[in-house]
Amino acid sequence: MSSSTSQPPVIGGAAPKDPRPRADLVAAARRRPGRLDWLRRRRRWAFPLVLVALLAQMAVAMVTTAVAQTPTIDEPVYVGTAVVYLEQHSLRYNPEHPPLGKLIIATGLAFADVRLDPAFAGDQTQLGRRVLYESGNDPGRLLLLARLPMIVLTLLFGLVVFAFARDLAGSVDDLAGTVGGLAALALYTFSPDVVAHGSLATLDVPAAGFLLTSVWLLWRARRRPVRYLPLAGLALGAALAVKMSALAAVPVLLPLVVLSVRHAHGSRDVDQDRTTRLARRLGFGAVAAAGVAVIAVAVVWASYLVVDPWLRWEAPVDLPAVQGLRALVGWLPLPEPYRDGMRVQFGFEDRVWGGFLFGRHYAGSLWYYLPAALLVKTPLGTLALWLAGAVVLVAVPRLRPAALYVLVPAAVLLGTAMTGSRDLGVRYAIFVPVFLAIAVAGLVTVRRRWVHVAVAVLVVSVAVSSLRTFPYYLPYANEAFGGPARTHRHLHDSNVDWGQDLGRLAERLRQRYPGEQVWLVYKGAGVPSYYGIDAADPRTVSPDQVGGLLVVSNSAIAKADDRLAALIGGSTPIDGVGHSITIFRRP
């Protein structure tokens, strides 16, 4: 007796074919018990808990760092400029950077009763010193209020990292998307460089974060271009309104607009011939790219108009002249202060700066400086995950489109930064850890158990390496280069010593060396006397008069001239502060 539901007989020992449709078989396979079932059952509460925990530990690390550190070299200028924006609505200070980043800083300073003489007429360095130390303000409170908006913004960019990575890996499997997002977020939140610079009132992390946001929105525009392309234009404009170096991303992001539109329209015009389809898609893409560019330019204009609706501007008298391709700056549809700010940046690039790499001080710049500095200052587990993730994005066909959105912008930005003349820190390449965190999501989609185990082990190693350096994130170096205590032997400036430990030095001198003669060579923007440090400059007297304690910033040691090198050579190191300042005993 047979029925429509009975199985056909087995003939010759061969198993019968399952008559169910292939889609049903796939669904049934996904429902079968497996080693990841426990994750699927618990992800409703476990994964949000992990996300919150990762962001919370990053917030604690950044706030703790922000409270403990005194001003770095760039911060007083940005804080002073933000105060002028709030009180005088003037664009005359810090034209080499657009206003948006300093307007974000101003959102914190708006809660302080900042005092500044309206008649002050000094330069921007003097402005920062006047606001923090010479107008009766509390520099610690002002700095914290200036840093908090950047900390919040850095945490929000962490959500973008999670969402981008989840979207990328989620195209293969929902669970893989969530796990990939958390793995990428872990790399981001435990990145010592992101924590270090995200806790400062500076512009590097905001510019990188807004660029990443724009690229993520372009990735989403592959499905819904009308919704996400305008938002991508806003994010791109925000990046351009924070740092001019973001202009290097424009030739990459606008073609990505065309690519996203082409993908979105791929299934809508199948009834047309190939040539017509291609022309139609390229036409839509070109119009969309122009629209994104217009929105971005409008954001830049808005950032200047918010400061001064009348856009009053007087070009600096020492504005560098531009020739050749640089003269094209004058044709950009951007405000005159922006274009003049680019000329100031060109002037900086034409200067000869000093560098320090692997124990050698040199004049000029090295093309391989940034990759070498990243090798020193990136956790070893992160380096391995970056490399493996990049290989997977390129090698796996279903993930290959993501390589254009993740790897290409990072590579172009890094290549552009490598041509710069200022070998002053990995902050010029902070977009690398921000973008490449996304690549680890591709590894989660690989259907090999050992790959998942390796990713988990490496992420844990990154977390351990990052937590071990707490709270000294700025001078971080990975274990292969001796850790943060030895960073100053390989790198200098914002890689290790940016003036951030003046307050810690004052406390150390009070606790361990009260009443001793102090000779100080300090590289930074803080005022030693404000923190109770009574010290003289040993370079202003003969060497035989220098006795007691010789305190030297490690960046000054790296670039020591013959006079300072002789003083250091005749001294004995006895202590260190924050891995950025060394205390010597003079005979």
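The values are calculated or read from the model by the stated rules, or taken from the named source; none is laboratory data. Because the structure is a prediction, the values reported are computed rather than measured. When we count neighbours, we look across all protein chains shown, and the Cβ atoms used for this are built from the backbone with ideal geometry, even at glycine. For accessibility, only protein heavy atoms count, side chains too; no ligands or nucleic acids. Shrake-Rupley method; radii C 1.70, N 1.55, O 1.52, S 1.80 Å.
Quick notes on this one:
- 5 angstrom amide H check on VAL114, placed H, neighbours 5+ away: none
- Ligands, DNA and RNA are left out, and with a 1.4 angstrom probe the accessible area of the chain is 45 Å² per residue.
- Legend: helices of the chain (whole DSSP H runs) are marked when their alpha-carbon atoms reach 30 angstrom or more along the helix axis and their mean Kyte-Doolittle hydropathy is at least 0.0; marked are 37-68, 139-170, 274-307, 449-469.
- Carbon and sulfur %, accessible surface of the chain computed with the full protein complex present, 1.4 Å: 61 percent
- Percent antiparallel among DSSP beta bridges (both partners in the chain, rounded to 5): 75 percent
- Mean shadow area of the range 493-587, taken as a quarter of the surface of its Cα convex hull (nm²): 5.5 nm²
- Residues in the range 80-114 reached by a label modelled at GLN126 [backbone nitrogen below 19 Å; 7 Å Cα→Cβ]: 80-85, 88, 90-96
- The coefficient of translational diffusion for the chain, derived via Stokes-Einstein from the alpha carbon Kirkwood radius under 4 °C and 1.567 mPa s, stands at 49 µm²/s.
- Restricting the range 274-323 to trypsin sites (Lys or Arg not before Pro) in coil, as DSSP defines it, with at most 15 other Cβ within 10 Å: ARG312
- Potential lengthening of the chain between ALA68 and ALA112 amounts to 13.9 nm, from the contour at 0.36 nm per residue minus the alpha-carbon distance.
- Inverse of mean 1/r across different Cα pairs in the range 227-368, Kirkwood, Å: 18.2 Å
- Close amide H partners of ARG585, meaning residues 5 or more places away or on another chain with modelled amide H under 5 Å apart, are LEU550, THR572, ILE574.
- Top positive-direction residue, dipole computed over the range 145-239 with Cβ charges, set THR178, PRO230, LEU145: PRO230
- Shape index of the range 105-247: Rg/Rh, with Rg the Cα radius of gyration and Rh the Kirkwood radius from the inverse mean 1/r over Cα pairs, equals 1.10.
- Residue-averaged [θ]222 nm for the chain, counting only DSSP H segments that reach four residues, each worth -39500 (n - 2.57): -18500 deg cm²/dmol
- Two-decimal ratio, the range 365-411, of alpha-carbon radius of gyration to 2.2 N^0.38 Å: 1.33
- Stokes-Einstein diffusion for the range 57-158, with the hydrodynamic radius set to the Kirkwood value over Cα pairs and evaluated at 10 °C in a medium of 1.306 mPa s, equals 115 µm²/s.
- Farthest towards the positive end of the charge dipole of the range 333-421, among the residues VAL412, THR378, GLY354, is the Cα of THR378, using unit charges on the Cβ of Lys, Arg, Asp and Glu.
- Cα-based shape type of the range 428-544, given that a ≥ b ≥ c are square roots of the gyration tensor eigenvalues and the cut on a/c is 1.5: prolate
- Potential lengthening between ASP562 and LEU380 on full extension [0.36 nm per residue; Cα-Cα distance subtracted]: 61.9 nm
- Alpha-carbon centroid distance for the pair the range 355-429 / the range 530-580, whole angstrom: 34 Å
- Calculated FRET efficiency for the pair VAL322/PHE470, C-beta based, R₀ 41 Å, to 0.05: 0.35
- Taken about its Cα centre, the chain carries a charge dipole of about 3060 debye when Lys and Arg each add +1 at the Cβ and Asp and Glu each add -1 at the Cβ.
- The distance linking the range 431-451 with the range 467-499 is 26 Å (Cα centroid to Cα centroid, whole angstrom).
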